[in-house]
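Here the structure comes first, spelled out in structure tokens, and everything after it is commentary.
The values are calculated or read from the model by the stated rules, or taken from the named source; none is laboratory data. No experiment lies behind these values; they were computed from the predicted model shown. Glycine also receives a Cβ, built like all others from the backbone with ideal geometry; neighbour counts cover every protein chain displayed. Just the protein is used for accessible areas: all its heavy atoms, side chains included, with ligands, DNA and RNA removed. Shrake-Rupley method; radii C 1.70, N 1.55, O 1.52, S 1.80 Å.
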Amino acid sequence: MAKRYTVENVISMITDGNSSDLEQLGKDEDEDDGEEEEWTANATLTEGSSESSDEEDFRDETVKQTSAEVEGPTTTTQSTTTKQSAKSKDKRKEYRWRKVEYEPPAAEFEECVEEASEERCEWTPYMYFKQFVTDEMLQETADQTNLYSVQKDGKSVNTNAKEIEQVLGMYMHMGLVQMPNVRAYWEMETKHPAVCDVMSRDRLLKLLTLIHFQDNFSVSDDAKKDKLWKLRPWLQKLREQFLCIPPEECHAVDEMMVSFKGKSHLCVYMPAKPHKWGFKMWSRAGQSGFLYDFDVCQGAENPDKEKSDVGVTGDVVLKMTSTLPNGENHKVFADNYFTSVPLLEHLNGRGIHYIGTVRMNRVKDTNMMDEKDLKKKGRGSWDFRVNQDNNIIVRWCDNKAVNLLSSFIGIEPVGNVKHIMVPRTAIVETYNKFMGGVDLLDMLSALYKFSFRSRRWYMYIWWHTVTVAVINAWNLFRRDQKKMEPQMKPMALRRFQASLLCQCCYCFSQENLVQVIH
């Protein structure tokens with residue numbers, strides 16, 4: 001507590017010519033200011049936080065007090081500040097990294113035997129697709145479309161679930177047989193009967209402008225804080241259907257881009273992505289490219305929320321893995337945008353293992369070899385450290401150094417990179433093998449996807465979810481086929497989508513559908 005001085009004291013000091021007490025007074029005030037600044041930094045920064053300004057935005061809080069306020073509340077404020085500072089320091093954990101032998105934990109995964117796979121042995125591609133895009137979802141879309149047409153034009157468009165399904169079938173067909181625009185499928189010179197015989201051009205264009213998913217006048221103001229409220233009923237039900245499928249052992253968490261260059265408050269620019277402009281979706285996909293969980297990124301939802309010890313990007317991994325069952329030794333993979341040591345601790349507490357590349361500013365005091373020293377030892381050289389929680393960090397040098405953090409696999413066994421005799425640690429090989437689930441899904445979704453132009457930006461997200469539903473249906477079909485008939489060559493996505501669109505667009509019997517497929 002700062003020493004108090006009266007007016008008489010100050011006059012007496014000046015008269016005596018002794019200024020040491022005044023200097024000490026100024027020094028005490030400076031020290032108090034320094035303590036305030038130090039507390040602000042310590043209360044905000046965490047061990048797993050990134051130093052990048054894109055990930056962490058810190059708010060500087062300044063407290064202005066009048067001279068009348070300083071007399072009483074100052075002591076209470078300073079004591080509260082001290083308590084908060086001590087509390088924040090208690091939350092921070094120091095990690096001690098040592099070069100000791102790493103003992104990987106038991107991480108055997110017991111695959112869940114899905115009884116429903118036997119029931120699906122006679123299913124067609126159409127039935128697999130309806131596992132995710134259900135009749136209830138199509139009927140609700142048709143009802144909302146009719147309601148929106150009345151609100152907009154004064155009369156109903158009179159659509160139904162089967163007609164919405166036909167629109168989806170035409171969309172799939174246009175993805176396989178691509179033309180410059182929608183009208184080209186009906187023009188005399190480029191007429192395509194498989195599309196134009198299903199529905200007239202004007203009817204399709206009318207439906208494309210009216211397809212709706214939520215009643216604009218029945219949504220509360222709180223619900224409208226969700227920037228995707230117009231599409232939320234569809235996204236929520238589709239996500240629930242994806243989560244019904246038992247998950248694989250290995251999952252990749254990454255961002256997926258939905259290409260879009262129009263005007264939207266959710267549109268972002270990602271220069272490192274193939275599609276630089278668009279909507280960013282957080283995704284958790286299996287090694288096969290099956291999308292289990294997703295969420296459209298809406299930016300900072302609550303800027304005033306206290307930052308967690310895993311950081312903003314670590315919270316994304318926790319959210320995407322929150323739907324994984326606990327204690328079954330699932331493995332999660334992510335890149336250095338998400339990885340931190342506290343994240344591994346959170347996942348370990350749930351019985352989920354993790355491997356990811358890591359930024360070294362998130363892992364302090366490892367004392368590993370520099371990249372220059374590793375390069376002198378040659379390609380394939382490595383260094384490692386293990387902390388008290390049995391997490392291992394490995395720096396492996398190829399053309400440049402790569403840093404990986406793991407909770408279940410380390411150096412051994414050491415193999416070689418294909419075609420060249422360069423040693424490669426087990427952690428690097430495992431990461432390369434299982435990290436590409438979301439990238440595989442991105443590649444598959446771009447193969448047979450038609451781009452409808454629309455003034456409503458959220459329609460681009462809707463068409464992308466339909467494409468992902470087709471890919472998930474195909475992945476589930478292949479999984480069941482591999483269990484029932486391992487020797488059979490798996491059906492290509494192109495043929496699967498072709499057989500699916502036929503039953504969406506037309507009413508085929510099972511016998512006729514088999515003839516179309518083969």
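Tabulated data
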{"item": "From the options R456, R385, residue that is of a type in the set (K, R) and either buried (at least 21 other Cβ atoms within 10 Å of the Cβ) or within 30 Å of H353 (Cβ to Cβ) (or both)", "result": "R385"}
{"item": "Selection status of I420, among the aliphatic types (A, V, I, L, M), at pLDDT below 90 and under 30 Å from G378 (Cα atoms)", "result": "yes"}
{"item": "One residue from K449, K483 being touching a residue at least 12 places away in the same chain (Cβ under 8 Å), under 30 Å from P413 (Cβ atoms) and touching a helix residue (DSSP H, G or I) at 6+ places or on another chain (Cβ under 9 Å)", "result": "K483"}
{"item": "Residue in region 351-360 that is open to solvent by 30 Å² or more (accessible area, probe 1.4 Å), among the aliphatic types (A, V, I, L, M) and at pLDDT 90 or above present", "result": "yes"}
{"item": "Region 237-260: number of residues that are part of a loop (DSSP other than H, G, I, E, B) and either charged (D, E, K, R) or open to solvent by less than 50 Å² (accessible area, probe 1.4 Å) (or both)", "result": "6"}
{"item": "Conditions (1) at pLDDT 90 or above; (2) touching a helix residue (DSSP H, G or I) at 6+ places or on another chain (Cβ under 9 Å); number of the one not met by V386", "result": "(2)"}
{"item": "Any strands (runs of 3 or more DSSP E) falling wholly within region 360-468 and containing at least 3 residues that are of a type in the set (F, W, Y)", "result": "none"}
{"item": "Every pair of residues 6+ apart whose Cβ atoms lie under 9 Å, when the first sits in region 131-154 and is of a type in the set (G, A, S) while the second is outside any helix (DSSP H, G or I) and surrounded by fewer than 18 Cβ atoms within 10 Å (Cβ to Cβ)", "result": "A142/N160; S149/K155; S149/S156; S149/N158"}
{"item": "Test: residue in region 303-311 that is farther than 29 Å from R455 by Cα, open to solvent by less than 10 Å² (accessible area, probe 1.4 Å) and at pLDDT below 90", "result": "yes"}
{"item": "Residues being surrounded by fewer than 21 Cβ atoms within 10 Å (Cβ to Cβ), of a type in the set (A, V, I, L, M) and in contact with a Pro (Cβ under 8 Å, 6 or more places away or on another chain) - total across region 388-416", "result": "1"}
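Conditions (1) outside the structural domain of W462 (by the TED database); (2) under 18 Å from L440 (Cα atoms); (3) surrounded by fewer than 20 Cβ atoms within 10 Å (Cβ to Cβ), marked per residue:
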| residue | (1), (2), (3) |
| --- | --- |
| G262 | yes, no, yes |
| M270 | yes, no, yes |
| K273 | yes, yes, yes |
| G278 | yes, no, no |
| R284 | yes, yes, no |
